[in-house]
1. Restricting attention to the stretch 146-171, and to residues there that are out of contact with any Pro (no Cβ under 6 Å at 6 or more places or on another chain) and among the acidic types (D, E), which single residue is modelled with the lowest pLDDT?
2. How many residues does the stretch 76-89 contain that are surrounded by fewer than 23 Cβ atoms within 10 Å (Cβ to Cβ) and in a helix (DSSP H, G or I)?
3. Can you confirm whether D80 is on the phi < 0 side of the Ramachandran plot and in contact with a helix residue (DSSP H, G or I) (Cβ under 6 Å, 6 or more places away or on another chain)?
4. Search the stretch 28-75 for residues being β-branched (V, I, T) and either under 15 Å from A93 (Cα atoms) or not in a helix (DSSP H, G or I) (or both), and hand back the single one that is most open to solvent (accessible area, probe 1.4 Å).
5. Could you please let me know if S142 is at pLDDT 90 or above, of a type in the set (S, T, Y) and under 21 Å from P102 (Cβ atoms)?
6. Could you please find all residues in the stretch 111-129 being surrounded by fewer than 20 Cβ atoms within 10 Å (Cβ to Cβ) and without any contact (Cβ under 8 Å) to a residue 24 or more places away in the chain?
Amino acid sequence: MSSAPASLVREPRAPARSGPNAGLAGAEAVLARSPDDARALGWMGVALTDQAIAGEAAARPAALRAARRAIERAIALDGDAPVPLAAWFESYAKAGAPVPDPAMAAMAKAIRLVPAAPGLRLSLGAELTRRGEPDLARKLLSPVLFGPYDSPERKQAEAMLAAHGAMSPPG
């Protein structure tokens with residue numbers, strides 16, 4: 001079984017602030033001690049994805065394949081770990097590539113595992129609007145848009161849905 005959702009809410013911020021190289025170094029340190037640590041493999045995939053996006057365009061496809069191999073191994077080890085599920089989706093979305101249906105389903109599962117994480121909902125909602133499904137995105141984003149907590153993602157969700165004519169109060 002995966003870690004508690006509270007740890008997911010705390011941990012994603014650290015690699016993003018320290019950069020993909022530091023995130024990769026941290027994941028590699030954990031993997032040196034425990035090569036089958038799904039969470040560390042997931043974070044390795046996140047860091048490798050970020051490096052691929054920041055790197056040269058010619059090297060990006062191979063670098064993204066390497067990132068996805070780490071992520072897919074993490075999912076195979078623990079299919080209930082939210083970090084690799086979300087990372088698989090993001091490896092496509094961050095690259096500006098269409099997200100395949102299995103990765104969409106993985107992100108939906110990550111949202112079910114951590115329903116209070118607005119960033120996950122925003123990422124999936126953005127892909128749904130890109131696919132021409134803004135009404136479905138609005139339903140998915142309802143807790144972000146109309147919930148009691150005014151998260152930073154609320155304004156992003158409002159702007160995204162307004163741009164697609166799908167922003168209206170709950171019915």
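The values are calculated or read from the model by the stated rules, or taken from the named source; none is laboratory data. Every value quoted in this text rests on a predicted model; they were computed, and no experiment measured them. In this analysis, Cβ positions are derived from the backbone assuming ideal geometry, glycine residues included, and neighbour counts consider all displayed protein chains. Heads up: the accessible areas ignore ligands, DNA and RNA and are worked out on the full protein's heavy atoms, side chains in. Shrake-Rupley method; radii C 1.70, N 1.55, O 1.52, S 1.80 Å.
1. D150
2. 2
3. No, not satisfied.
4. I53
5. The answer is no for S142.
6. R112
Let's see how each residue does on (1) within 13 Å of the chain's Cα centre (by Cα); (2) among the aliphatic types (A, V, I, L, M); (3) closer than 22 Å to L161 by Cα:
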position	(1), (2), (3)
A32	no, yes, no
R39	no, no, no
K94	yes, no, yes
V114	yes, yes, no
E133	no, no, yes
